[in-house]
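Novice: Once you've had a glance at the structure underneath, I'll fire off some questions.
The values are calculated or read from the model by the stated rules, or taken from the named source; none is laboratory data. Note that the structure is a prediction, hence the values are computed from the model and not measured. Neighbour counts run over all protein chains shown; Cβ positions are idealised from the backbone, glycine included. Ligands, DNA and RNA are stripped out before the accessible areas are found, and what is left, the full protein with its side chains, is counted by its heavy atoms. Shrake-Rupley method; radii C 1.70, N 1.55, O 1.52, S 1.80 Å.
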Amino acid sequence: MSGSKNYAINITQPRFSGMDAFGHTSFLAYSRIPDISFDYEFHLNFQLANNHSALQNNLILFTGQKGHGLDGDDFLAVGLRDGSVVYSYNLGSGAASISSDPLDLSLGIHTVRLGRLFQRGWLKVDDHKNKSIISPGKLVGLNVFSQFYVGGYSEYIPHLLPHGADFKNGFQGCIFSIQVRTRKDGYFRRLGNPEGHPNAGRSVGQCDASPCTLMNCGNGGTCRDRGSTVYCDCPTGWKGAFCTETISTCDPEHDPPHQCSKGATCVSLPHGYTCFCPLGATGVYCEQALSISDPSFRSHELSWMSFASFHIRKKTHIQMQFQPFSTDGILFYVAQQLQAQSGDFLCISLVNGSVQLRYNLGDRTIILETLQKVNINGSTWHVIKAGRVGAEGYLDLDGINVTEKANVKMSYLDTNTDFYIGGVSSLSLVNPMATANEAVGFQGCVREVIINNQELPLTELGAKGGSNVGDCDGTACGYHACQNEGECIVNGTTFFCRCLPRWTGRTCDLPVHCVNHLCLHQSLCTPDQSFSYGCLCALGWAGRYCENKTSFSTAKFMGNSYIKYIDPHYRIRSLQFTIVSLNFSTTEREGLIIWIGKAQNEENDFLAIGLHNQSLKIAVNLGENISVPMIYSHGTFCSNSWHHITIIQNQTLIKAYLDGNLILSEDIDPQKKFVALNYDGIIYLGGFEYGREVNTVTQEIFKRNFVGKIKDVFFQDSKKIELIESEGYNVYTGDGEN
């Protein structure tokens with residue numbers, strides 16, 4: 001260690017001297033702190049040495065995954081950089097960093113409070129405002145195994161520390177106290193095991209000054225030196241590191257304490273406070289439970305619901321039913337970032353009684369506005385259909401349509417925020433271009449929101465988050481409480497459904513004829529037009545009630561059939577090369593034969609073969625762009641004769657062979673921006689799961705399920721796929737048939 005010596009020391013108020021002539025920093029090393037994986041809170045007080053270098057680039061605290069790891073290792077670090085306190089951490093998926101405002105160097109002592117709960121970290125220095133940040137990625141745990149270093153680092157070479165913790169010098173000055181607590185313990189304790197005892201250190205002295213001679217407590221506060229901690233004891237009405245911050249009605253120190261129920265948010269007012277209620281609560285203090293079926297929003301309070309978002313990049317189709325009580329307010333909002341400079345966004349709002357659709361794909365904001373105005377009498381339900389395909393937008397209010405073909409270069413809507421209904425969690429975070437005037441919340445009711453054919457569950461349990469949301473009529477009866485045209489009848493705090501004759505069940509979701517059905521072996525009961533029912537048999541079963549075990553090598557599809565094959569070798573495949581071949585016969589002009597891809601949303605890669613208007617149709621999406629579907633007219637596909645088809649994808653080159661003849665050879669992207677088929681190991685034959693319509697799932701590329709026979713399916717030149725061993729329904733044997 002170049003002449004320096006490591007040894008155990010016991011110093012109550014350590015003084016650090018930074019880096020010495022040999023490049024070593026003074027430091028203390030304490031035992032690893034347990035239980036800081038998901039949460040922690042640190043309090044420390046320090047006095048800076050009276051020199052310029054003490055503020056420039058100085059490590060105060062550090063613990064890491066490997067002590068001195070590569071960029072990307074988990075770590076927690078606190079230091080000084082350019083006159084500010086910097087707090088950084090990495091949970092394994094990217095560093096988060098907060099910098100304080102510049103320190104007031106006239107203060108003799110500085111107080112730092114910092115913490116983290118899962119991904120959210122916060123920092124409060126002296127009497128500055130609290131700052132917070134959320135770490136990137138999805139990881140939420142801090143996995144660190146090193147000792148906890150204070151003032152420096154035992155083998156201090158900055159470039160070996162993770163990015164964000166690579167301070168160039170050690171701390172210079174006195175640290176009067178460091179304490180830590182976790183939610184598991186619930187109380188603050190000193191570092192070390194036993195408390196206050198480091199394992200090792202180097203070049204550390206004892207501070208001579210009493211911290212209370214340096215600490216100037218304002219507004220009649222008294223400095224308290226308890227040995228392990230130093231703080232200002234503030235008189236009634238004051239708080240903060242130096243008793244310079246007034247206690248608000250919502251602070252835990254306030255006497256009497258606020259009465260907002262658990263989970264509610266207390267908001268201070270000039271004369272008192274109000275409680276913002278979480279979803280499922282109402283009342284002055286949010287003390288009453290509330291069932292939401294058709295949410296109601298109040299514009300005079302922060303009133304909103306949020307839902308986990310999904311892909312709407314290429315196209316966005318939104319249908320909403322709403323009943324407005326005022327002429328202005330946000331109905332729907334989504335953006336790239338939840339901040340005023342949001343990047344891309346899409347917003348539907350009321351503006352002076354008209355409905356506006358505004359969206360920005362990265363260049364300019366496109367605005368559509370309805371010609372007619374809404375009725376705000378509180379009893380009229382309006383229907384909006386709004387959205388965009390690429391840059392071309394449309395807006396329809398109660399059947400009257402406005403369109404805009406925008407002349408812009410961008411065509412994709414990139415969004416990362418939740419879908420917000422009725423408002424946003426903080427209206428100051430709405431892009432100012434998203435609304436015509438200052439952003440305000442919607443006032444009224446919403447009973448239906450459908451986005452790209454997915455309906456949002458507008459209930460307290462279905463939403464991801466929300467605040468100050470009521471129920472439109474205050475009853476458990478909602479727009480969709482009863483299905484299949486059933487009538488909802490309020491029954492106290494619950495409801496029951498009066499069903500039409502063909503339906504039964506609590507919400508009229510069960511066909512009458514399926515109540516006591518005899519379908520066996522996990523088959524699906526489906527009502528038919530003859531006031532009876534049929535059974536859709538799982539693969540390997542047949543018969544009226546799916547009672548007969550069967551097998552086949554030729555699969556016969558009935559028009560409401562599908563097979564879903566999971567490729568067991570997907571993880572080791574080269575996704576840049578795909579070959580699939582099969583034999584098929586049909587008497588129909590339309591139908592999906594095979595879809596390679598998971599088919600969950602429009603962003604998913606796929607390679608597909610089917611029939612369209614009696615022609616063979618091949619469609620490919622390797623990322624971002626759906627290629628123009630390639631069509632080969634043959635004229636005899638619906639003659640019930642067998643045809644053999646082979647498709648080869650070699651990066652962006654697509655080749656197709658029909659009955660041994662090359663019918664297609666096309667490079668769908670000579671620039672080769674995307675070259676891999678990320679199909680997630682999923683292959684569908686004949687259609688999709690029951691209830692998922694082919695025309696909807698395939699974005700109208702194919703119209704309906706396949707009717708006919710398929711056999712001899714080979715994938716990636718492996719052995720023939722045993723179709724009978726896959727998942728599927730209503731597929732029967734075509735063996736022995738022509």
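Novice: How much net charge surrounds Thr282 when only other residues with a Cβ under 15 Å from its Cβ are counted (Lys, Arg +1; Asp, Glu -1)?
Specialist: -4
Novice: Could I ask something else about it? With all distinct Cα pairs included, what does the Kirkwood hydrodynamic radius of region 106-261 come out to in Å, to one decimal, could you say?
Specialist: About 18.6 Å for region 106-261.
Novice: Something else now. Is region 573-634 rounded, prolate or oblate when judged by the Cα gyration tensor, a ≥ b ≥ c being the square roots of its eigenvalues, rounded requiring a/c under 1.5 and prolate requiring a/b larger than b/c?
Specialist: Because a/c hits 1.5 or more and a/b exceeds b/c, region 573-634 counts as prolate.
Novice: Please state the equivalent ellipsoid semi-axes for region 376-505: what are the square roots of 5 times the Cα gyration tensor eigenvalues, largest first, in whole Å?
Specialist: One finds semi-axes of 33, 20, 15 Å for region 376-505.
Novice: Next up: So, taking all protein chains as they sit and a 1.4 Å probe, how much accessible area belongs to Thr265, in Å² rounded to tens?
Specialist: 80
Novice: Classify region 87-184 from the C-alpha gyration tensor, please: rounded if a/c falls under 1.5, else prolate or oblate depending on whether a/b exceeds b/c.
Specialist: Judged from the Cα gyration tensor, region 87-184 comes out oblate (a/c at least 1.5, b/c at or above a/b).
Novice: Taking H as built 1.01 Å from N, whose amide H comes closer than 5 Å to the amide H of Ala281, not counting residues under 5 places away?
Specialist: For Ala281, the qualifying residues are Leu290.
Novice: Where Rh is the Kirkwood radius over the Cα pairs of region 355-425, the temperature 20 °C and the viscosity 1.002 mPa s, what D in µm²/s does Stokes-Einstein return?
Specialist: Approximately 157 µm²/s, per Stokes-Einstein.
Novice: Under 8 Å for C-alpha pairs, at least 6 residues apart: give me the relative contact order for the chain, rounded to a whole percent. Display every interim value, and only then the final one.
Specialist: On the way: 1935 pairs, mean separation 72.8, N = 738.
Across the chain, relative contact order equals 10 percent.
Novice: In terms of modelled amide H atoms, which long-range or inter-chain residues lie less than 5 Å from the amide H of Ser177?
Specialist: HN-HN under 5 Å from Ser177: Asn45.
Novice: State the answer as a single residue: which of Met558, Cys497, Gly534 lies farthest towards the positive end of the charge dipole of region 484-576, with beta carbon charges of +1 for Lys and Arg and -1 for Asp and Glu, about the Cα centre.
Specialist: Met558
Novice: Cut-off 20 Å, label point 7 angstrom out along Cα-to-Cβ of Lys168: give me the residues of region 11-26 whose amide nitrogen falls inside.
Specialist: Hits in region 11-26 for Lys168 at 20 Å: 17-26.
Novice: Moving on to the next point. Hey, what D do you get for region 567-690 in µm²/s if you plug the Kirkwood alpha-carbon radius into Stokes-Einstein at 4 °C and 1.567 mPa s?
Specialist: The estimated diffusion coefficient comes to 87 µm²/s.
Novice: Follow-up question, since we're still on this one. With the cut-off at 1.5 for a/c, could you classify region 407-465 from its C-alpha gyration tensor as rounded, prolate or oblate?
Specialist: oblate
Novice: Please give, to one decimal in nm, the separation of the simple spin-label points placed at Ile134 and Glu700, each 7 Å out from Cα toward the Cβ.
Specialist: Result: 3.6 nm between the two label points.
Novice: If the chain between Arg498 and Met433 were fully stretched, how many nm would it gain, using 0.36 nm times the residue separation less the Cα-Cα distance?
Specialist: The Arg498-Met433 span can extend by a further 18.7 nm.
Novice: Also: Using a Förster distance of 60 angstrom, determine the FRET efficiency expected from the C-beta separation of Asp473 and Ser106, and round it to 0.05.
Specialist: On the way: r = 61 Å, r/R0 = 1.01.
The formula returns an efficiency of 0.50 here.
Novice: Going down the list Lys655/Lys720; Lys138/Lys464; Lys598/Lys655; Lys673/Lys720; Lys315/Lys405; Lys409/Lys703, which pairs span over 24 Å between their C-alpha atoms?
Specialist: Lys673/Lys720; Lys409/Lys703
Novice: Enter the per residue convex hull volume of region 323-387, computed from alpha-carbon coordinates, in Å³ rounded to the nearest integer.
Specialist: Values: hull volume 5.7 nm³, N = 65.
Spread over its residues, the Cα hull of region 323-387 gives 88 Å³ apiece.
Novice: Now, a different point. Quick check: net charge around Lys655, other residues with Cβ under 13 Å of its Cβ, Lys/Arg +1 and Asp/Glu -1?
Specialist: -2
Novice: Of Asp20, Asp473, Asp396, Asp208, which has the most accessible area with a 1.4 Å probe, and how do the rest follow in descending order?
Specialist: Ranking Asp20, Asp473, Asp396, Asp208 by accessible area, largest first, yields Asp208, Asp473, Asp20, Asp396.
Novice: Taking loop as defined by DSSP and a crowding limit of 12 other beta carbons within 10 Å, which trypsin sites (Lys or Arg not before Pro) in region 203-255 fit?
Specialist: Within region 203-255, the qualifying trypsin sites (Lys or Arg not before Pro) (loop, at most 12 other Cβ atoms within 10 Å) are Arg226.
Novice: If you don't mind, another one. Relative contact order, percent, of region 70-134 when contacts are C-alpha pairs under 8 Å separated by at least 6 residues?
Specialist: 24
Novice: Additional query: Charges at C-beta only: +1 for Lys and Arg, -1 for Asp and Glu. How large is the resulting dipole of the chain about its Cα centre, in Debye rounded to 20?
Specialist: The dipole of the chain has a size of about 1000 debye.
Novice: Less than 13 Å Cβ to Cβ from Gln337, Lys/Arg counted +1 and Asp/Glu -1: what total charge do the surrounding residues give?
Specialist: -3
Novice: Another question, then. Expected output is a single nm value to one decimal: the length gained when fully extending between Asn613 and Ile566, i.e. 0.36 nm times separation in residues minus the C-alpha distance. What is it?
Specialist: Separation in residues times 0.36 nm, less the Cα-Cα distance, equals 13.9 nm.
Novice: I would also like to ask the following. Suppose accessible area is computed on protein heavy atoms with a 1.4 Å probe; arrange Arg544, Arg32 from highest to lowest.
Specialist: Largest accessible area first, the residues go Arg544, Arg32.
Novice: Quick check on region 252-338: what does the Kirkwood estimate of hydrodynamic radius come out to from the alpha carbon pairs, in Å?
Specialist: That comes to 16.0 Å for region 252-338.
Novice: Now a separate question. Return the FRET efficiency for the residue pair Ser641, Phe577: r is the Cβ-Cβ distance, R0 is 30 Å, and the value is rounded to the nearest 0.05.
Specialist: Once rounded, the FRET efficiency stands at 0.45.
Novice: Still on this structure, I have one more. Mean projection of the alpha-carbon convex hull of region 214-364 over all orientations, in nm²? Could the numbers behind the result be given before it?
Specialist: Details: hull surface 61.4 nm².
For region 214-364, averaging the hull's shadow over all directions gives 15.3 nm².
Novice: Still on this structure, I have one more. Once the piece of chain linking Gln288 and Val675 is laid out straight, how much longer is it, given 0.36 nm per residue of separation minus the C-alpha distance between them?
Specialist: That pair, Gln288 and Val675, stretches by 133.7 nm at full extension.
Novice: Once you have all Cα-Cα distances for the chain, histogram them in 20 Å bins from zero and send the whole-percent values.
Specialist: Going out from 0 Å in 20 Å bins, the chain shows 13, 33, 34, 17, 3, 0 percent.
Novice: So if I take the centroid of the Cα atoms in region 105-124 and the same for region 367-411, what is the distance between those two points in Å?
Specialist: That distance is 47 Å.
Novice: For Glu737 paired with His300, estimate the spin-label separation in nm (one decimal), with each label point 7 Å from Cα along the Cα-to-Cβ line.
Specialist: 6.9
Novice: Over 24 Å apart: what share of the alpha carbon pairs of region 447-585 falls there, rounded to a whole percent? Before the final figure, lay out each step's value.
Specialist: On the way: 5687 of 9591 pairs.
Value for region 447-585: 59 percent of Cα pairs lie more than 24 Å apart.
Novice: Further question on the same structure: If the viscosity is 1.306 mPa s and the temperature 10 °C, what Stokes-Einstein diffusion coefficient in µm²/s follows for region 660-738 when Rh is the Kirkwood radius over Cα pairs?
Specialist: In µm²/s, the coefficient rounds to 99.
Novice: Tell me, what does the Kirkwood hydrodynamic radius of region 519-608 come to in angstroms if you use every pair of distinct C-alpha atoms?
Specialist: That comes to 16.3 Å for region 519-608.
Novice: Rounded to the nearest 500, what is the 222 nm mean residue ellipticity of the chain from helices alone, with -39500 (n - 2.57) per DSSP H run of 4+ residues and division by all residues?
Specialist: Calculated at 222 nm, the ellipticity per residue is 0 deg cm²/dmol.
Novice: Could you work out the pair-distance distribution P(r) of region 170-280 from its alpha-carbon pairs, with 10 angstrom bin width and percents rounded to whole numbers?
Specialist: 12, 27, 30, 20, 10, 1
Novice: What is the distance in Å between the Cα centroid of region 662-738 and that of region 14-53?
Specialist: That distance is 62 Å.
Novice: Which longest uninterrupted range of the chain lacks any GluC sites (Glu not before Pro) assigned by DSSP to a loop state (not H, G, I, E or B) and surrounded by at most 14 other Cβ atoms within 10 Å?
Specialist: Formally, the longest exposed-site-free interval is 254-437.
Novice: If you average the sequence gap of Cα pairs under 8 Å that are 6 or more apart and divide by the length of region 420-517, what percent do you get for the contact order?
Specialist: RCO, region 420-517: 15 percent.
Novice: Could you check the simple spin-label distance between Glu369 and Val515, using points 7 Å along Cα→Cβ, in nm with one decimal?
Specialist: Each label point is offset 7 Å from its Cα along the Cβ direction, giving 5.6 nm.
Novice: With all protein chains present, calculate the accessible area of Trp642 using a 1.4 Å probe and round the result to the nearest 10 Å².
Specialist: Approximately 80 Å² of Trp642 is accessible to the 1.4 Å probe.
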